[in-house]
Amino acid sequence: MITFKKVNLFFVLIFVFVNIFCIEPCYSLSAREDLFKNALDLSSSGKFNLALQEWNRYLNAYPDDAAGLSNRGNVRLVIGDVEGSIDDQNKAINLDPNEIDPYINRGIAEEALGLWSQAKKDYLLVISRDSKNFSAIYNLANVEGSTSQWLKARDLFSKAAFYNPGFAMARSSMALADYQLGNIDESEEELKKLIRRYPTFADARAALTALNWSKFQSGNAESNWMAVTELDPRYSDEEWLTKVRRWPPKPTRDLMNFIDLK
């Protein structure tokens, strides 16, 4: 869950020492704000290569801007420069250790490298400062799941959903953890609720496909899977499902059995 934070530039800029003898490049406050916003807009719209160019331009002028570094780190992670992303988040943390977003962003990059203990440490630090931070709680749950601690993961997914009731992926992940733990009725009930509320939510439909197949309900499984294939074909890719989406083993196995008609 990567966050491109829209900081209040007024509070950033009041700490800037304005020297009339500017060293090039030198921008007015409004130009600086526009430069930051343009880079942020490119990031948010998914134009990551262009966004990286703009963040480089911004940070060339303002190398000690923690928010700019953290946002560039997010972009570097998306385009595959994981080490560069961690480096940017480290710099942001050193500049502003009280800001929690860079810790979350660094944790996500650490997860991409399988550095579970480091990521967990970052998420726990955030939660120690903000016990209701659903992003950190959700990401910590993913770490627990990645280390096969599905009971802990299930409780954390539930907590993330409690603090953000509209967080559909947290609820779907909780249902998948229940599925893995053998709490089939609870899992099925939650997945059906999610689909009623979000009919185009592919994750819940794919999970219910697997669950239906495991219960020999082939008609229901086929119906849900038809929707999944139109919404997000990645769910037929086992490697993506386990390494990127990080489903638990049992629902993954059941979904693959459905696809292979086993």
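Each value in this text was obtained by applying a stated rule to the coordinates, not by laboratory testing. This structure is a prediction, so every number in the text was calculated from the model and none was measured. Note that we place each Cβ from the backbone using ideal geometry, even for glycine, and neighbour counts take in every protein chain shown.
Details
- ASP88 vs. criteria buried (at least 17 other Cβ atoms within 10 Å of the Cβ) and closer than 17 Å to LEU42 by Cβ: yes
- Answer from GLY107, GLY114 - the residue that is within 20 Å of GLU83 (Cα to Cα) and assigned to a helix (DSSP H, G or I): GLY107
- Boolean, ARG197 is over 21 Å from LEU181 (Cβ atoms) and either free of Cβ contacts under 8 Å to residues at least 60 places away in the same chain or among the hydrophobic types (A, V, I, L, M, F, W, C) (or both): yes
- Which numbered condition GLU54 misses (of (1) surrounded by fewer than 21 Cβ atoms within 10 Å (Cβ to Cβ); (2) over 18 Å from the mean Cα position of the chain (by Cα); (3) not aromatic (Phe, Trp, Tyr)): (1)
- All of ARG245, ARG234 fail the test of being under 24 Å from ALA141 (Cβ atoms), part of a loop (DSSP other than H, G, I, E, B) and not small (Gly, Ala, Ser), apart from ARG245.
- Qualifying residue in segment 132-141 (condition: free of Cβ contacts under 8 Å to residues at least 60 places away in the same chain, surrounded by fewer than 24 Cβ atoms within 10 Å (Cβ to Cβ) and over 15 Å from the mean Cα position of the chain (by Cα)): yes
- Of all the residues in segment 139-170, those that are under 17 Å from LYS121 (Cβ atoms) and of a type in the set (D, E, K, R) number 2.
- Within the set LYS262, LYS193, LYS250, LYS215, the sole residue that is surrounded by fewer than 15 Cβ atoms within 10 Å (Cβ to Cβ) and within 20 Å of LEU156 (Cβ to Cβ) turns out to be LYS193.
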